Amino acid sequence: MDSTSKRWLAPTLAAVLALATFAAFAGVGANEFLQLDDPTYVRDNEFVKRGFSAEGWAYAWTSTDAANWHPLTWLSHMLDVELFGVDPGPHHLANLALHGVNALLAFALFLRWTAKPFTAFLAVGLFALHPLRVESVAWTAERKDVLSTLLFFLALHAWTAWVRRPGAAAYAATATCLALGLLAKPMLVTFPCLLLVLDLWPFARLGRGARALVVEKLPFFVLAAASCVATYVAQHAWGAVMTTEELGLAERAANALVSYVRYVRLCVWPSGLAIYYPLGRHTEPALALGAAVALAAATWWCWKSRARAPWRLAGWLWFLGMLVPVIGIVQVGDQALADRYTYLPAIGLAFAVVVELDARVEHGRALLAAAALAILVLLAWRTREQVRLWKDTLTVFTHAALVTKDNAMAHQHIGTALLLTGDVDGAIRELSECVRIAPAFPDAQNNLGSALGARGRFVEAIRCFETAIAVKQDSSRVRTNLGWALFQLGRAEDAERECKKGVELDPNDAQARERLGVVLAASRRTEDALVELRRAVELDSRSVEHRRALALAPDDVESLKTRAWLRATSFDGSVRDARSALELAERAAKLAQANDARTHDVLGAARAAAGEFEAAIGSASRAVELHRAQAKDAKAADVERRIELYRARTPVVRRVPASK
């Protein structure tokens, strides 16, 4: 190869790497936000959705939402909103752009370390094009992965410059990039330890003495320790850390050992990837023992060859060490492992494997290069397929349920997604499977209760809500849902008690206040009811999260109809809201049985409130037909009186809910 070709080889390979990465992940731009975590990070976060603001800036630096203290990540989401709004496509493409930059930074770094463009290209290709990266790129909430890794690579570039020519500027740049990376995600807390590993290879600095090597990195250890403290506080404030009573230390250690081996398997053979992996058999002693033996053997092999092949031990320790924060000794959530956790650790494995092949193969290198490129093409193709599975909540969790066993979390999210689309029977099926697997899953019990209520199965719904309360007694939403189910069975006093508990637990829960208002109104306590309803409307009008909650949990048709009636017909202008009434009534009509006369009556009232009088007459007339067919002449006559109002282009105005 002549000098001109050599000069253009690295830029050409970098361009190919960037284009291949974009081609493999381009489909993320068509994906939706997920119901898991994305509402917290962007979709329903009022501070983020304002873009840059003084309130948002304060929120970013003080919030422990999502069980993390990562102000830079919050600010990056705000920047996206400032530039693109809340459409999910640009947010996903921003993740892809950061991932692409990470690939180029990694390529430049490995090129500095090896001076071998093709070796660097293959190593980074194994990282950037691997299907395990999809979770970090296709999930908006995982912005913290790609953002922190960008700063991680910048810190390594700065440290490489310092190692080759020590100076204050390079050292300060390393510390600054590390600090910013920790502000994006605390995964970088092992960075100082990684620098010690890199002193073995590629820097070959162990001859300087262990004490000197540790002392020079002390400021980095201080930054990492501060991040650990902040993360611990945030996770405990959010209630995300499992106690040893929930998962014992022996089980955690067993899961850690098995997960290490499984991570290696997923890197080598990325099949059965899922957004959520249940613990399953990971805590079985026999599996843990086998995993411990395998890990010990691999570590011994790398250790004994450290003098002649130091990259083996360096790459292996990179992998093992960078997984420590997420391996489950401090268990956050109840998942066994996660694809996103490999984003940084897998780089060490990829680099070690490629350097090992480069060192071993002397003949047939062209054939090896062709085989390596074929593997990269296959990985890129598999990644494109994996991106499609992240289309939306229903798709990604349906796949997770297919490739894992007894995945309660998957069935919970499938059921909730079906509930949102109006498939109540499908939701009941999935949520029932979830509580079969995990009876003490409060969210699933609550959502199953809501779905059962939507089918009028209130006795069963009450059992679900009571089970959820027994597990999680401080939930405003579950208390309110229980009160509403009791109300549907005519147990007004019990309903009022539970709804009041819901309001006490969360005074800013619009749904709790609105349901309490409905219960009070049905008891003819109009003034008390109006106090609650006014407060509910005030909260609802300023909170997207509460508006979404009002659309989700009330896939309870009776709840939808009652709230639609109140907002369509209330004499109090602070409660009446024609647009909201029509949305609620139309959703009730979509979910209700076709012969439900009251649904058509409520829809007629909502349409009249919105000024759609001809449509209102049609809906009300259908209600009359159904009442007559069911021999409910008095109710039919009541609706006919409303039809006369609609013909006079006059909406209904009343003080109490419509009779059932």
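Points to keep in mind about this one:
- The range 190-247, subset surrounded by fewer than 15 Cβ atoms within 10 Å (Cβ to Cβ) and of a type in the set (Asp, Glu), residue nearest to Ala336 (Cα to Cα): Glu246
- Considering residues of the range 505-529 that are at pLDDT 85 or above, of a type in the set (A, V, I, L, M, F, W, C) and within 15 Å of Thr562 (Cα to Cα) only, the residue nearest to the chain's Cα centre (by Cα): Ala512
- Of everything in the range 52-86 that is under 20 Å from the mean Cα position of the chain (by Cα) and not in a helix (DSSP H, G or I), the residue that is surrounded by the fewest Cβ atoms within 10 Å (Cβ to Cβ) is Gly85.
- Just so you know, in the range 273-305 the residues that are modelled with pLDDT under 95 and in a loop (DSSP other than H, G, I, E, B) include one that is farthest from Val124 (Cα to Cα), and it is Glu284.
- In the range 327-358, residue nearest to Trp316 (Cα to Cα) [restricted to those that are of a type in the set (S, T, N, Q) and not in a loop (DSSP other than H, G, I, E, B)]: Thr342
- Conditions (1) in contact (Cβ under 8 Å) with a residue 12 or more places away in the chain; (2) closer than 23 Å to Asp37 by Cβ; number of the one not met by Ala97: (1)
- Of all residues in the range 593-609 being within 38 Å of the chain's Cα centre (by Cα) and surrounded by fewer than 20 Cβ atoms within 10 Å (Cβ to Cβ), the one that is nearest to Asp423 (Cα to Cα): Gln593
- The condition of being surrounded by 20 or more Cβ atoms within 10 Å (Cβ to Cβ) and either modelled with pLDDT of 95 or more or within 27 Å of Phe127 (Cβ to Cβ) (or both) holds for only one of Phe22, Phe33, that being Phe33.
- Residue in the range 182-192 that is closer than 25 Å to Ala115 by Cα and assigned to a helix (DSSP H, G or I) present: yes
- Residues that are in a helix (DSSP H, G or I) and free of Cβ contacts under 8 Å to residues at least 24 places away in the same chain, drawn from the range 161-174: Ala161, Trp162, Arg164, Ala168, Ala169, Ala170, Tyr171, Ala172, Ala173
- Restricting attention to the range 629-660 and to residues that are under 22 Å from Gly456 (Cβ atoms) and among the basic types (Lys, Arg), the residue that is modelled with the lowest pLDDT turns out to be Lys660.
- Pairs where the first residue, in the range 144-160, is in the same structural domain as Trp201 (by TED's automatic domain parsing) and the second is of a type in the set (Val, Ile, Thr) and assigned to a helix (DSSP H, G or I), C-beta under 7 Å, 6+ apart: Lys144/Thr73; Val146/Val137; Leu147/Thr73; Leu150/Val101; Ala155/Thr174; Ala158/Thr174; Trp159/Thr174
- Per the listing Gly89, Gly125, the residue uniquely surrounded by fewer than 17 Cβ atoms within 10 Å (Cβ to Cβ), at pLDDT 95 or above, within 26 Å of Leu273 (Cα to Cα) and assigned by TED's automatic domain parsing to the domain that holds Leu151 is Gly89.
- Among the criteria (1) closer than 29 Å to Pro39 by Cβ; (2) surrounded by fewer than 24 Cβ atoms within 10 Å (Cβ to Cβ); (3) not aromatic (Phe, Trp, Tyr), the one Val146 does not fulfil is (2).
- Remark: pairs (first residue in the range 364-385, under 12 Å from Pro270 (Cβ atoms); second residue among the aromatic types (Phe, Trp, Tyr); Cβ separation under 7 Å; 6+ apart in sequence or on different chains) = Thr383/Phe25.
The values are calculated or read from the model by the stated rules, or taken from the named source; none is laboratory data. Values in this document were obtained by computation on a predicted structure and should not be read as measured data. Every residue, glycine as well, gets a Cβ built from its backbone with ideal geometry; the counts of neighbours run over all protein chains shown.
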